[in-house]
Amino acid sequence: MSIAIAPDTKVRVTGIVQDVLERRAISRPVQADEDLRDAGLNSLDMVNLMLAVEAEFGLEIPDTDMTLRNFRSTAAIEAFVNSMLADR
């Protein structure tokens, strides 16, 4: 079963990531599969990123899903959000 990807999910996730990066004075573009830790985010930034994703998409992310695998990159976050939205 494939998950239909909402076109605006990618744009919204990318915007959230860029906002968090800009708060750290990182203004360069990040590739979809680039590790966000390598891009300059630290553990506190990752927590803020998770909170921003919850707020943007109206989600409550279970503790068990707050993993590096789901938040490693913009592409990983997008896939995770789409799977959470599909499960509603």
Could you grab me the full set of residues in the range 51-67 that are in contact with a helix residue (DSSP H, G or I) (Cβ under 8 Å, 6 or more places away or on another chain), among the aliphatic types (A, V, I, L, M) and either part of a helix (DSSP H, G or I) or open to solvent by 80 Å² or more (accessible area, probe 1.4 Å) (or both)? 52, 53
Condition check: open to solvent by 20 Å² or more (accessible area, probe 1.4 Å) and either closer than 19 Å to residue 8 by Cβ or part of a helix (DSSP H, G or I) (or both). Does residue 48 satisfy that? yes
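So is residue 41 touching a helix residue (DSSP H, G or I) at 6+ places or on another chain (Cβ under 8 Å), surrounded by 17 or more Cβ atoms within 10 Å (Cβ to Cβ) and not in a helix (DSSP H, G or I) or not? Spell out the reasoning first.
Details: touching a helix residue (DSSP H, G or I) at 6+ places or on another chain (Cβ under 8 Å): yes; surrounded by 17 or more Cβ atoms within 10 Å (Cβ to Cβ): yes; not in a helix (DSSP H, G or I): yes.
Judged against the criteria, residue 41 is a match.
The values are calculated or read from the model by the stated rules, or taken from the named source; none is laboratory data. What you see is a predicted model, and the numbers here were worked out from it, not measured in a lab. Please note: Cβ atoms are built from the backbone with ideal geometry, for glycine as well, and neighbour counts cover all protein chains shown. Areas reflect the complete protein model, heavy atoms only, side chains present, ligands, DNA and RNA absent. Shrake-Rupley method; radii C 1.70, N 1.55, O 1.52, S 1.80 Å.
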